[in-house]
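Beneath this line is the structure, given in structure tokens, with notes to follow.
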Amino acid sequence: MNAEAPDFAEYHARFERLPNGAKAGLRRAVEPDDLRDTPGLYRLFPGSKPSRQEVQLAFFLPWCPELGTRTSFMSLCADSVSEERIMQIARANLPDDLIALRRLVMQLHPAVGWLDLAPLLWFWGKKKKGSSKRRLVEGYYIALHKLDQGDK
């Protein structure tokens, strides 16, 4: 784990150890801030007040049962998500962008690998590391081009 990003695999392992009721509470949240009223969030991040980034991760964790998968998130999107939908997510403001992105992840569930998605979520909304929305759009078009060329 470096100073900027946490150990995403550890967050996934913590989520897997949560009781079913705590997992269900995280799954039922309609928007990220709803999680702040959910016991599962505080069980996932014991002994601390979860940061905005940790809340964002918790909002998506229930929809990423696999730690890693063979197909990247961007390739999954290029294969089954329209260009318009990706652009809609990129243009939306918080929290609507995260809600739309989570719906996309729910559509692709269970094929989304946590370790592929978590870094995108961690830096979502941060200007310092470059726009995650821009990385989403660029990654989508690169994967779409590879798909058009016959690569997977």
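Quick notes
- Some residue of the range 59-66 being touching a strand residue (DSSP E or B) at 6+ places or on another chain (Cβ under 6 Å) and over 24 Å from H145 (Cβ atoms): yes
- Neighbours by Cβ (under 8 Å, 6+ apart or cross-chain): first from the range 98-110, on the phi < 0 side of the Ramachandran plot; second of a type in the set (K, R) and assigned to a helix (DSSP H, G or I): A100/R85; L104/R85
- If the condition is being in a loop (DSSP other than H, G, I, E, B) and open to solvent by 40 Å² or more (accessible area, probe 1.4 Å), then the range 52-74 contributes P65, L67, G68, T69, R70, T71, S72.
- Taking the range 94-108 as the range and being within 12 Å of the chain's Cα centre (by Cα) and open to solvent by less than 70 Å² (accessible area, probe 1.4 Å) as the test, the residues that pass are D97, L98, I99, A100, L101, R102, L104, V105, L108.
Conditions tested, residue by residue: (1) under 25 Å from A143 (Cα atoms); (2) of a type in the set (S, T, N, Q); (3) in contact (Cβ under 8 Å) with a residue 24 or more places away in the chain.
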position	(1), (2), (3)
L35	no, no, yes
R43	no, no, yes
P65	yes, no, yes
T71	yes, yes, yes
I89	yes, no, yes
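- If you go through the range 1-46 and keep only what is assigned to a loop (DSSP other than H, G, I, E, B), surrounded by fewer than 18 Cβ atoms within 10 Å (Cβ to Cβ) and not small (G, A, S), you end up with M1, N2, E4, P6, D7, P19, V30, E31, F45, P46.
The values are calculated or read from the model by the stated rules, or taken from the named source; none is laboratory data. Quantities reported herein were computed from a predicted structural model and do not represent experimental measurements. Quick reminder, even Gly has a Cβ in these numbers, built from the backbone with ideal geometry, and neighbours come from all protein chains shown. Note: areas computed on protein heavy atoms with side chains; ligands, DNA, RNA excluded. Shrake-Rupley method; radii C 1.70, N 1.55, O 1.52, S 1.80 Å.
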